[in-house]
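Here is the structure we will look at.
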């Protein structure tokens, strides 16, 4: 189990982290600051085992993670001195979500991991894991021999964004939102899928809030909580009132978080309800 | 109970609508098409009571609802002929969510309701309810004697958007997301509240994805699922690593839908967990 996130072990979370660590021999947690490492170490100070941590590196996405060999060493030494087991390094090349940046971001991930690992090994650390991530970069980063672990997630269900980036093929989209046309005028439809069904997630390079494969000319122009307002170009094929259309969300991850279950269509055409166990657990 | 929405009574939903109608004497549902009215009527055809409906009017938001007296009469007559009880009219002046448009939208609501009611009464309908809505327009529309019902909702918890529109005062904000600072550089913070905690809802006139009242100069510039990336202007007061800050969401409605419970702070300072019963029920 790898929590690839610089979890802050507040007083409230410390108890949960300690219990998780005791129950989960392979638990690993991300760190990107000496203070964060100290807090994690304090949380697990009563445990017989040392907690394994990986230092997070900023490979160009500029979110979490440290930049440069000195900063990596500072965090790794602080973690080791606090009593944590520094297992390796990880990064998330999230800038690969920009069109045309997949190759670049994957190379940044690999090079950043390699440089940090070299600095750590030169300082006496044993680097057991170099972990990269993200669906856009996974195939490219994994094709090198410098990555031990890939943390891609979106590929499992696929979405319009990954398709637009070339990270998946059309048959890699396994999940859609079923939306019913509830209202119609000459140039407009309204479906019963709004921001509480599709989310307002929209990368700058995408127009509208989802794709309707059966009617590709439709533009889901705006969402309110329960309404999706769809522009119909003149003459374009369109669904009728009451018709149910499949909408491929821009970004499937927050969409899944809105639902308590999936309707899974099995190979023989029958359906099952699959619970979304981990939804609503953010923060 | 008023479902102010043009629910499409599909075969699957018809059974649920009939059961709800039988169990709920005051149930009312919106209609904005003859076909939608026919489907509703078919759904409740086995009931001893007629289902009450209100015709939805487009007062300028251009989402659902019909425009013009002829269209109102067409839908109302179709509903009556199908065996439904036409109780009145309703509208949602959602264009009042644009800055400076509250008064205009409230006037549009009132005038649209009045014109439709007059057309229906001239045609022999008894108009029992003229219903308007939305937190931005509620006080203005209610100040006239031409509205029987107000369907505002956001005011109950308040959010940054309503504050920016002047629809509520600062003390009208009753809900915030607790976010912990998990990572920091010189000009950037990362909090553990991302799109799965705050949503990417952002009206065009708002910068960033929420307001941090304790540190008003911070800009929540971008969100990924679990990270909020916060820009810190040079010299601005800033929280330290591990600090918990209250973030006022741009739009509270979809935020509530992400959580299974609220932490309610009572008058005496104690807290309780309040379940969010209706979340995850969209669509």
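Which of the residues that make up segment A:99-121 are crowded, with 16+ Cβ neighbours inside 10 Å and outside any helix (DSSP H, G or I)?
Listed by number, the list holds a single entry, A:101.
Given the structure, is residue A:124 within 23 Å of residue A:256 (Cα to Cα), at pLDDT 95 or above and not in a helix (DSSP H, G or I)? Spell out the reasoning first.
Details: within 23 Å of residue A:256 (Cα to Cα): no; at pLDDT 95 or above: yes; not in a helix (DSSP H, G or I): yes.
Taking the combined requirement at face value, the residue does not satisfy it.
Inside segment A:131-157, can you point out the residues that are within 30 Å of residue A:212 (Cα to Cα), under 14 Å from the mean Cα position of the chain (by Cα) and surrounded by fewer than 23 Cβ atoms within 10 Å (Cβ to Cβ)?
First pass over segment A:131-157, keeping only residues within 30 Å of residue A:212 (Cα to Cα): A:133-140, A:151-157.
Next cut, under 14 Å from the mean Cα position of the chain (by Cα) only: A:133-138, A:151-157.
Selection gives A:151, A:152, A:153, A:154, A:155, A:156, A:157.
When you check residue B:45 against the structure, is it at pLDDT 95 or above, part of a loop (DSSP other than H, G, I, E, B) and surrounded by fewer than 16 Cβ atoms within 10 Å (Cβ to Cβ), yes or no? So that I can check it myself, show each step before the final result.
Details: at pLDDT 95 or above: yes; part of a loop (DSSP other than H, G, I, E, B): yes; surrounded by fewer than 16 Cβ atoms within 10 Å (Cβ to Cβ): yes.
Yes: the conditions hold for residue B:45.
Consider residue A:281 carefully, then state whether it is over 16 Å from residue B:281 (Cα atoms), exposed (fewer than 13 other Cβ atoms within 10 Å of the Cβ), under 20 Å from the mean Cα position of the chain (by Cα) and at the interface with another protein chain (Cβ under 10 Å from one of its Cβ atoms). Walk me through it before giving the result.
On the way: over 16 Å from residue B:281 (Cα atoms): yes; exposed (fewer than 13 other Cβ atoms within 10 Å of the Cβ): yes; under 20 Å from the mean Cα position of the chain (by Cα): yes; at the interface with another protein chain (Cβ under 10 Å from one of its Cβ atoms): yes.
The answer is yes for residue A:281.
For residue A:274, work out the one condition from (1) in contact with a strand residue (DSSP E or B) (Cβ under 6 Å, 6 or more places away or on another chain); (2) within 10 Å of chain B (Cβ to nearest Cβ) it doesn't fulfil.
Only one criterion in (1) in contact with a strand residue (DSSP E or B) (Cβ under 6 Å, 6 or more places away or on another chain); (2) within 10 Å of chain B (Cβ to nearest Cβ) is unmet by residue A:274, namely (2).
Which ones in segment B:21-39 are outside any loop (DSSP other than H, G, I, E, B), surrounded by fewer than 19 Cβ atoms within 10 Å (Cβ to Cβ) and away from every other protein chain (no Cβ under 14 Å)?
Across segment B:21-39, the qualifying residues are B:22, B:23.
Restricting to segment A:248-263, name every residue that is within 7 Å of chain B (Cβ to nearest Cβ) and either over 15 Å from the mean Cα position of the chain (by Cα) or under 11 Å from residue A:177 (Cα atoms) (or both). So that I can check it myself, show each step before the final result.
Of all residues in segment A:248-263, those within 7 Å of chain B (Cβ to nearest Cβ) come to A:253-254, A:257-260.
Correct list: A:258, A:259, A:260.
From the list B:240, B:229, B:245, pick out the single residue that is modelled with pLDDT of 95 or more, more than 10 Å from chain A (Cβ to nearest Cβ) and in contact with a strand residue (DSSP E or B) (Cβ under 9 Å, 6 or more places away or on another chain).
Working: B:240 fails: more than 10 Å from chain A (Cβ to nearest Cβ); B:229 fails: more than 10 Å from chain A (Cβ to nearest Cβ).
The conditions single out B:245.
Is it true that residue B:196 is within 10 Å of chain A (Cβ to nearest Cβ), part of a helix (DSSP H, G or I) and on the phi < 0 side of the Ramachandran plot?
Against the criterion (within 10 Å of chain A (Cβ to nearest Cβ), part of a helix (DSSP H, G or I) and on the phi < 0 side of the Ramachandran plot), residue B:196 qualifies.
Going through segment A:104-126 one residue at a time, which ones are in contact with a helix residue (DSSP H, G or I) (Cβ under 7 Å, 6 or more places away or on another chain), in contact (Cβ under 8 Å) with a residue 40 or more places away in the chain and under 13 Å from residue A:147 (Cα atoms)?
Filtering segment A:104-126 for residues in contact with a helix residue (DSSP H, G or I) (Cβ under 7 Å, 6 or more places away or on another chain) gives A:105-106, A:109-110, A:115-116, A:119-120, A:123, A:125.
Then keep just the ones that are in contact (Cβ under 8 Å) with a residue 40 or more places away in the chain; that gives A:105, A:109, A:115-116, A:119-120, A:123, A:125.
Answer for segment A:104-126, where residues must be in contact with a helix residue (DSSP H, G or I) (Cβ under 7 Å, 6 or more places away or on another chain), in contact (Cβ under 8 Å) with a residue 40 or more places away in the chain and under 13 Å from residue A:147 (Cα atoms): A:109, A:115, A:116.
So in segment B:168-186, with the set limited to residues that are at the interface with another protein chain (Cβ under 10 Å from one of its Cβ atoms) and surrounded by fewer than 20 Cβ atoms within 10 Å (Cβ to Cβ), which one is nearest to the chain's Cα centre (by Cα)? Outline the logic, then answer.
Keep residues of segment B:168-186 that are at the interface with another protein chain (Cβ under 10 Å from one of its Cβ atoms), which gives B:177-185.
Those still in the list that are surrounded by fewer than 20 Cβ atoms within 10 Å (Cβ to Cβ) too: B:178, B:185.
Working: B:178: 23, B:185: 38 Å.
If we take residues in segment B:168-186 being at the interface with another protein chain (Cβ under 10 Å from one of its Cβ atoms) and surrounded by fewer than 20 Cβ atoms within 10 Å (Cβ to Cβ), then B:178 is nearest to the chain's Cα centre (by Cα).
Examine segment B:70-77 for a residue that is surrounded by fewer than 18 Cβ atoms within 10 Å (Cβ to Cβ), more than 25 Å from residue B:114 (Cβ to Cβ) and either under 25 Å from the mean Cα position of the chain (by Cα) or modelled with pLDDT of 95 or more (or both), and state whether such a residue exists.
No, segment B:70-77 contains no residue that is surrounded by fewer than 18 Cβ atoms within 10 Å (Cβ to Cβ), more than 25 Å from residue B:114 (Cβ to Cβ) and either under 25 Å from the mean Cα position of the chain (by Cα) or modelled with pLDDT of 95 or more (or both).
Being more than 18 Å from residue B:204 (Cβ to Cβ) and exposed (fewer than 14 other Cβ atoms within 10 Å of the Cβ) is the filter here, so list the residues in segment A:187-204 that pass it. Full working, then the answer.
Of the residues in segment A:187-204, the ones more than 18 Å from residue B:204 (Cβ to Cβ) are A:187-193, A:196-198.
Scanning segment A:187-204 gives a single hit, A:187.
Scanning for something out of contact with any strand residue (DSSP E or B) (no Cβ under 6 Å at 6 or more places or on another chain), within 27 Å of residue A:115 (Cβ to Cβ) and touching a residue at least 12 places away in the same chain (Cβ under 8 Å), does segment A:15-26 turn up at least one residue?
From segment A:15-26, those out of contact with any strand residue (DSSP E or B) (no Cβ under 6 Å at 6 or more places or on another chain) are A:15-26; that's our starting set.
Still in the running and within 27 Å of residue A:115 (Cβ to Cβ): A:26.
Checking the rest, the ones that are also touching a residue at least 12 places away in the same chain (Cβ under 8 Å) come to A:26.
Yes: segment A:15-26 contains one or more residues that are out of contact with any strand residue (DSSP E or B) (no Cβ under 6 Å at 6 or more places or on another chain), within 27 Å of residue A:115 (Cβ to Cβ) and touching a residue at least 12 places away in the same chain (Cβ under 8 Å).
Determine which member of the set B:83, B:60 is part of a loop (DSSP other than H, G, I, E, B) and surrounded by 17 or more Cβ atoms within 10 Å (Cβ to Cβ).
Being part of a loop (DSSP other than H, G, I, E, B) and surrounded by 17 or more Cβ atoms within 10 Å (Cβ to Cβ) holds for just one of B:83, B:60, which is B:60.
The values are calculated or read from the model by the stated rules, or taken from the named source; none is laboratory data. Keep in mind that what you see is a predicted model, and the values were worked out from it rather than measured. Positions of Cβ are generated from backbone atoms using ideal geometry, with glycine treated the same way; all protein chains shown enter the neighbour counts.
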